[in-house]
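These notes are about the structure you will find just below.
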């Protein structure tokens, strides 16, 4: 039956998600339009297709135990030289993200896995591009700020074309009717009004 590559994340809502995605593309990151702007809870993980219903049921339970929380992004930082990433920092909501990702990756659950690096919630705005462009990303987004309330998370699947697509949303128990923020269609670039 094969495997699928899944990821779990908190999507950065509009208009911030598209704005950061456009900027990421502008810095020359070729993955910009393949990945929704997000905070990772479960990095790309290969799962047997037959276990997918188990994963979905498990994530439903994790969401049912979750509660909404505020998130605020402000300024930039980098993981360089350890990893070629520039990111927007979480200045509020990081502890809640850390607890949530621990529940998603719980030891006996279907999403259990070890991480390559210690968990550090962030929003990537440049990855694996030349140093000058990484410096520009870090400099040009240093005054970026955004805030919203997290009402849930989402499961994504990576297609054969490398594009991550929304599979299913998981609202928290205290937000049962709240839609998980979505980002616009990732399949093509688009122009946004100047910020």
* Structure fact -> Taking Cα atoms only, helix 16-26 is inclined relative to the longest principal axis of the chain by an angle, in degrees rounded to 10, of 50 degrees
* To do: At q = 0.18, 0.24, 0.27 Å⁻¹, work out log10 I(q)/I(0) for the range 59-118 with the Debye formula, treating every Cα as an identical point scatterer and leaving solvent out; two decimals please.
  => -0.82, -1.06, -1.11
* **Tilt relative to the chain, helix 94-104 - C-alpha long axis, 0 to 90 degrees, to 10** => 40 degrees
* To do: Kindly express, to the nearest 10 degrees and within the range 0 to 90, the angle between helix 131-140's C-alpha long axis and the longest C-alpha principal axis of the chain.
  => 90 degrees
* To do: Note down the nm distance, to one decimal, between modelled labels 7 Å out along Cα→Cβ at residue 139 and at residue 3.
  => 4.1 nm
* **Over the chain: helical MRE at 222 nm, DSSP H runs n ≥ 4 each giving -39500 (n - 2.57), nearest 500** => -7000 deg cm²/dmol
* Structure fact -> Rounded to one decimal in Å, the inverse mean reciprocal Cα-Cα distance for the range 3-171, i.e. its Kirkwood radius, is 16.4 Å
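Quick note: the coordinates plus some simple rules give every number you see, no bench work behind them. Values in this document were obtained by computation on a predicted structure and should not be read as measured data. Cβ: placed from backbone, ideal geometry, glycine included. Neighbour counts: every protein chain shown.
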